[in-house]
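Please read the structure below before turning to the comments.
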Amino acid sequence: MVQSIEDNLIDPTVSGIMNVPANIAETIGDFEAFGYDVYDIMWGDFGSEEKATKTIESMIGFDRADREVVVNDPGDIPNQVTLLPIDNDINRAIGRRSIWNIFEEEGLKMTSGTIEEPTFAWNVFGDDDFDETRTRTVFAPFSIYTPTVLWPYTSDDGTRFTVHDFANTPLESDFLGAKPIVEVIAGRKLDRYGALPGFAKWGDPLLGTGPVLIGGTAAALLGLTAWFWGPAIAQRAAATAKSAVFGTLELAGAVGGKLKDVAKAPF
Amino acid sequence: MSARPPLAGVTLPSQYAISLMDWRKERDYRKDAIKEAGGKIAARELGLPEPRGWWEYSIDPRGDGAPTSANSNAPGQLDPSSPLNTDALVLQNWWDSSQSGRNEKMIMQYQQMMRSEIDNWKDIPGIINYTLESISPDVYVPTTMADYVPNLFNIFQDENGNRDDPSNMDNWWKRTGATAGQGIVGLLFMGAAGFGLVMLTPRVVERGLETVESVVVGSLEIVEKAVGKTSDIINPFSAKRRLQRQTTKQLLGKD
């Protein structure tokens with residue numbers, strides 16, 4: 001049903017809209033002046049059909065879709081966040097941090113790196129900001145602090161998959177065929193997740209939902225079944241301690257008694 | 001076997017492992033020197049250098065100074081053009097390199113170097129270090145939950161029997177599914193195994209101590225009997241032999 005709508009309605013419509021500049025340029029080419037083709041006597045931005053297409057695309061704002069975002073990763077997110085109380089000194093260099101002392105060196109850090117995204121300006125209105133970019137600081141507490149034992153993501157080179165890697169992950173969706181139009185409206189190339197509007201704010205929390213769900217589910221399951229394993233573990237721990245203490249005393253007594261016997265043995 | 005190591009995470013280069021060993025040696029040497037000098041105050045009076053942290057060592061192994069430059073982008077803002085910084089580990093090409101996955105050969109090399117550092121059985125810190133490094137080697141950095149799961153608790157394998165390697169999967173969703181699957185299921189199995197072990201522990205401790213008692217007491221009984229029998233054979237002054245001699249004399253009417 002959805003595919004049918006895409007094939008029969010959205011695709012032809014989008015294709016029709018996106019081909020408008022080319023169609024106009026082609027129509028212009030059909031005219032003749034003084035016995036010459038129009039493009040033979042025109043110059044500059046309209047010097048050829050191809051140039052005319054580009055110019056018209058620019059005039060109606062289609063070139064907004066060509067602008068790409070830039071993800072700046074400062075590489076300040078540790079590769080591993082451990083629950084063990086390790087010394088940071090040796091682990092700093094290899095990108096390993098302990099959750100217990102991670103704040104000692106750098107304090108609480110909620111952001112990492114930036115995304116430079118094109119402004120919302122439209123070239124067609126002669127907006128001076130068209131070629132400018134706006135720098136968004138990336139909200140990244142989950143990437144920075146989530147313990148690795150709860151982190152289910154990996155990058156293809158084995159390093160920790162952070163919000164910056166997420167931002168650079170290719171966006172495969174074609175928005176039900178409407179991607180070219182959406183890109184023009186959004187004013188940027190939607191080739192990766194980081195190009196989606198507001199990614200700097202919601203990218204990391206979205207990554208964080210996985211570990212939160214895993215950790216939360218684990219905590220809930222452990223809590224709900226605590227009646228089963230809690231007393232059992234406590235009972236066994238007590239029994240182990242009792243066995244260890246009394247067994248050791250018994251062993252010491254038996255060995256001591258036997259040593260006395262050996263010492264008293266007639267020789 | 002697959003060409004890539006079977007786990008995600010990253011293994012640090014062997015130069016890194018060797019440098020770690022050199023740093024540990026220096027630290028231990030300096031600690032020993034301070035101890036032999038009679039403590040920190042005496043060592044300070046003698047001008048002995050103090051043990052350094054890994055970071056301090058890695059920016060200046062020779063200890064001849066590490067000039068910085070405000071314009072430098074190098075770690076610690078070290079000045080790469082200074083001759084005094086040619087020894088800085090953080091400026092070497094291999095410093096930021098790492099190999100994806102768990103490289104068992106490199107880890108083994110590092111662990112064997114750690115083992116060779118143990119002087120003798122009385123070197124308790126060395127033994128503890130080696131044991132900890134055997135469990136969690138410094139040169140391997142886990143980066144996902146799946147990296148904490150030993151092969152024993154992993155059920156995800158490919159058709160060749162190798163562990164499924166998420167870093168071989170191009171699709172992000174597949175990669176995440178494989179990592180989360182290995183991690184969640186593996187950690188669940190580890191928890192269940194841990195619970196089972198705790199349940200068995202009292203019995204294991206009790207039976208273990210009983211076994212030790214039987215072995216030690218049994219051995220001492222053997223020693224006791226051996227002593228008694230040997231005495232019977234070779235000691236002419238033993239109580240039993242004396243009694244025998246007295247009885248014989250009485251029978252012969254010689255007392």
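All of the numbers you see were taken from the coordinates with simple rules; none came from a lab. Because the structure is predicted, anything quoted here is derived from the model rather than measured. Because the Cβ atoms are built from the backbone with ideal geometry, glycine has one as well, and the counts that use them run over all protein chains shown.
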Selection of trypsin sites (Lys or Arg not before Pro), region B:1-87, meeting DSSP coil and at most 13 other Cβ within 10 Å:
B:R62
For B:Y29, B:Y57, what ranking results if the residue with the fewest other Cβ atoms within 10 Å of its Cβ goes first?
B:Y29, B:Y57
Sorting B:G39, B:V215, B:W95 by the position of each Cα along the dipole of chain B (Lys, Arg +1; Asp, Glu -1; all at Cβ), the one nearest the positive end of that ordering is B:V215
Which of A:I28, A:T13, A:I60 sits farthest toward the positive end of the charge dipole of region A:1-60, with +1 on the Cβ of Lys and Arg and -1 on the Cβ of Asp and Glu?
A:I60
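Which loop-located GluC sites (Glu not before Pro) does region A:167-254 contain, where loop means any DSSP state but H, G, I, E or B and the Cβ has at most 11 other Cβ atoms within 10 Å?
Working: sites: A:E172, A:E183, A:E250; in loops: A:E172.
Passing sites in region A:167-254 are A:E172.
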Report, in debye and to the nearest 20, how large the dipole of chain B comes out about its Cα centre when Lys and Arg carry +1 and Asp and Glu carry -1 on their Cβ.
1720
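Over chain B, calculate the relative contact order: mean separation of alpha carbon pairs under 8 Å at least 6 apart, over the residue count, as a percent. Don't jump to the answer; show the numbers that get you there.
Working: 242 pairs, mean separation 53.4, N = 255.
For chain B, the relative contact order is 21 percent.
Take peptide A:156-165, look around each residue's Cβ out to 10 angstrom, count Cβ atoms belonging to other protein chains, and average those counts.
Working: counts 9, 8, 20, 9, 7, 7, 0, 0, 0, 1.
Partner-chain Cβ atoms within 10 Å, mean over residues of A:156-165: 6.
Let me confirm one metric for peptide B:131-142, namely the mean number of other chain beta-carbon atoms within 10 Å of its residues' beta-carbons.
Details: counts 0, 0, 0, 0, 0, 3, 0, 5, 1, 2, 12, 9.
Going residue by residue through B:131-142 and averaging, the value is 3.
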Region A:87-241 - Kirkwood radius from inverse mean 1/r over Cα pairs (Å):
19.2
Given the convex hull over the Cα atoms of region B:40-193, what projected area results after averaging over all orientations, in nm²?
15.3
Quick one: dipole size for chain A, taken about the Cα centre, charges +1 on Lys/Arg Cβ and -1 on Asp/Glu Cβ, in debye to the nearest 20.
3200
Enumerate the lysines that A:K54 could reach by cross-link, defined here as Cα to Cα under 30 Å, with residues fewer than 8 away along the same chain left out.
A:K179, A:K189
Per the Kirkwood formula over distinct C-alpha pairs, the hydrodynamic radius of chain A in angstrom is 25.0
Viscosity 0.890 mPa s, temperature 25 °C: what is the translational diffusion coefficient of the protein assembly as shown from Stokes-Einstein with a Kirkwood Rh over Cα pairs, rounded to a whole number of µm²/s?
80
Hey, any idea what Rg/Rh is for region A:1-60, computing Rh the Kirkwood way over Cα pairs?
1.20
Treat every Asp and Glu Cβ in region A:96-189 as -1 and every Lys and Arg Cβ as +1, leave all other atoms uncharged, and give the resulting dipole magnitude about the Cα centre to the nearest 20 debye.
440
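Viscosity 1.567 mPa s, temperature 4 °C: give me the Stokes-Einstein translational D for region B:116-255 in µm²/s, with Rh taken as the Kirkwood radius over C-alpha pairs.
On the way: Rh = 22.3 Å.
Using the Kirkwood radius from Cα pairs, D works out to 58 µm²/s.
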Just going by the charge dipole of the protein assembly as shown, with Lys and Arg at +1 and Asp and Glu at -1 on Cβ, which of B:G228, A:M110, A:G208 is farthest out on the positive end?
B:G228
Distant alpha-carbon pairs in region A:1-150 (separation over 25 angstrom), percent:
60
Average partner chain C-beta neighbours within 10 Å, per residue of A:232-240?
4
